[in-house]
Amino acid sequence: TTPPLPFYYISRSKCIMSSSQLSNPKAVWFLGAPVSKAIVITAVVTYIVAEMNKLHQALIFDTTKIFDHAQFYRIFVCNLTFGSMGELIFGLLALCPLLRRFEREMGSRKFGAFIVYTSILSTVMELLFFNIFFDIERYSGPYPQLGAVLGLFHKFTPRMHPKFFGVLGYDFSEKSITYGLCAQVILSGGFSTVTPTFFGFVSGLLAVKWSETELPDFVYTIAGLIGKVITDEAPAVMMSRSVQRGGANRTRRAPTGGTRAAAPSPAQPPRPPPPPPEEAIAQLTSMGFDRESVVRALQQTDNNVEAAANRLLMG
């Protein structure tokens, strides 16, 4: 058997969600993303508790208080939640889609390991940086985690529409919307929020390969026991285009009102896919792929630009 491909090589068109799962609105959003759901719930609950008890100052990452006053707990609580309601709202708007997407593509076990590795590495970087170079306070919030998944988004998400919209003669892709929302959060606190996000960005790129090494089994056992309340029962899968179109290839059932079912029609040879449209070819060639490879990838994926991009990234 061939070894599993890294998460960023997985074609989302191969992952299918059943119609019964789609009909359950309570399970769809965080379906297959229990780690992401736990991070979001922790951020919201911790913010409410901190707001009610005036504990936001106790969550700030302050190296002076950490080392001089032995308040080492700040190392572990500084990333739990944001420091204001505005940061919480915009932070979760930026963080939730990225967390959910990459957990579904990586799998919860590897994504959990990825979050642990990036958190440890970024915290070490912050301790060294703030203690040696800049002795300032850092706002609380999962900024390193936002930087980590933003690094994955930047490196492994192709631009499907390079000219999605234009401003003052400059063209921007659909990825610019995500970048803009994340920038609103990252720049909200100036240097004290940009720095942890940057360290998280670097840590995320470094920890991609590390996530292939999963955490010890007892960690997943404990996490599974704790997370039973919030974990969805459906498997970690993603919607395919065929399901989104309403299941065009759904199996037909025989009629029950007649005396016998109609004879099946003879099998028809599969129709060849139409030639790739020039617009799709232009989108993929603008990403740096040669035209011949682009045309071949589109033909192999029934002119699905997203699936063709994944196939080209696989080499």
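The values are calculated or read from the model by the stated rules, or taken from the named source; none is laboratory data. Bear in mind the structure is a predicted one, so any value in this text is a computation, not a measurement. Positions of Cβ are backbone-derived with ideal geometry, glycine not excepted, and every protein chain shown enters the neighbour counts. Ligands, DNA and RNA are excluded from the accessible area calculation, which covers all protein heavy atoms including side chains. Shrake-Rupley method; radii C 1.70, N 1.55, O 1.52, S 1.80 Å.
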Residue that is of a type in the set (D, E, K, R), surrounded by fewer than 20 Cβ atoms within 10 Å (Cβ to Cβ) and farther than 30 Å from Ala280 by Cβ, where the choices are Asp68, Asp171 = Asp68
ask   = What residue, among those in the stretch 283-297 that are within 27 Å of the chain's Cα centre (by Cα) and among the small types (Gly, Ala, Ser), is surrounded by the fewest Cβ atoms within 10 Å (Cβ to Cβ)?
value = Gly288
ask   = Only one residue in Ser140, Ser176 is crowded, with 22+ Cβ neighbours inside 10 Å, more than 12 Å from the chain's Cα centre (by Cα) and of a type in the set (Ser, Thr, Tyr). Which one?
value = Ser140
key: Residues within the stretch 179-193 that are open to solvent by less than 10 Å² (accessible area, probe 1.4 Å), under 29 Å from Arg311 (Cα atoms) and either without any contact (Cβ under 8 Å) to a residue 60 or more places away in the chain or in a loop (DSSP other than H, G, I, E, B) (or both), tallied   = 0
key: Test set (1) among the hydroxyl-bearing types (Ser, Thr, Tyr); (2) under 18 Å from Ser192 (Cα atoms); (3) out of contact with any Ser or Thr (no Cβ under 6 Å at 6 or more places or on another chain); (4) surrounded by 17 or more Cβ atoms within 10 Å (Cβ to Cβ) - Thr81 fails condition number   = (3)
inquiry  = Need pairs with beta-carbon distance below 7 Å; first residue free of Cβ contacts under 8 Å to residues at least 60 places away in the same chain and within the stretch 99-125, second surrounded by fewer than 21 Cβ atoms within 10 Å (Cβ to Cβ); sequence gap 6+ or separate chains.
reply    = Thr123/Ile75
request  = Considering (1) at pLDDT below 80; (2) touching a helix residue (DSSP H, G or I) at 6+ places or on another chain (Cβ under 6 Å); (3) open to solvent by 100 Å² or more (accessible area, probe 1.4 Å), say which one Arg271 fails and leave the rest.
outcome  = (2)
query = Given Gly91, Gly141, Gly166, Gly86, which one is modelled with pLDDT of 90 or more, of a type outside the set (A, V, I, L, M, F, W, C) and not in a helix (DSSP H, G or I)?
reply = Gly141
